[in-house]
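Beneath this line is the structure, given in structure tokens, with notes to follow.
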Amino acid sequence: MKAQAATAAKYAKNGFMDPDECVMKYAPLVKRIAHHMMATLPPSVQVDDMIQSGMLGLIDAAKRYQESQGAQFETYAVQRIRGAMLD
């Protein structure tokens with residue numbers, strides 16, 4: 001019974017995963033993407049700035065994700081994170 005309540009708490013009213021839970025789960029992905037992108041960027045770009053922009057992209061992805069579109073959240077989030085970093 002307790003396990004069901006914990007699982008149900010992870011999902012919002014609409015049946016999708018809670019955006020806060022997504023951000024916590026996929027935060028390490030932002031750091032990994034930032035370090036990969038640093039190899040192709042000029043030395044004047046700081047990794048912390050990339051991570052900050054990427055986190056904003058992840059938050060946006062968590063809020064806008066629609067499971068009905070057919071893509072997995074991670075696939076969708078990677079595109080939003082990279083886009084935020086490049087902007």
Review point. Can you name the residue in region 64-87 that is assigned to a loop (DSSP other than H, G, I, E, B) and open to solvent by 50 Å² or more (accessible area, probe 1.4 Å) and, of all such residues, is farthest from Glu21 (Cα to Cα)?
Key: Asp87
Review point. So, of the residues in region 33-53 that are hydroxyl-bearing (Ser, Thr, Tyr) and farther than 15 Å from Val78 by Cβ, which turns out to be modelled with the highest pLDDT?
Key: Ser44
Study note, to complete from the structure: Over region 37-63, the set of residues over 11 Å from the mean Cα position of the chain (by Cα), surrounded by fewer than 17 Cβ atoms within 10 Å (Cβ to Cβ) and assigned to a helix (DSSP H, G or I) is Met38, Val47, Asp48, Asp49, Gln52
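The values are calculated or read from the model by the stated rules, or taken from the named source; none is laboratory data. A quick note: this is a predicted structure, and the numbers were derived from the prediction, not measured. Don't worry about glycine lacking a Cβ; one is built from the backbone with ideal geometry, like all the others, and counts go over all protein chains shown. Only protein heavy atoms, including side chains, enter the accessible area calculation; ligands, DNA and RNA are left aside. Shrake-Rupley method; radii C 1.70, N 1.55, O 1.52, S 1.80 Å.
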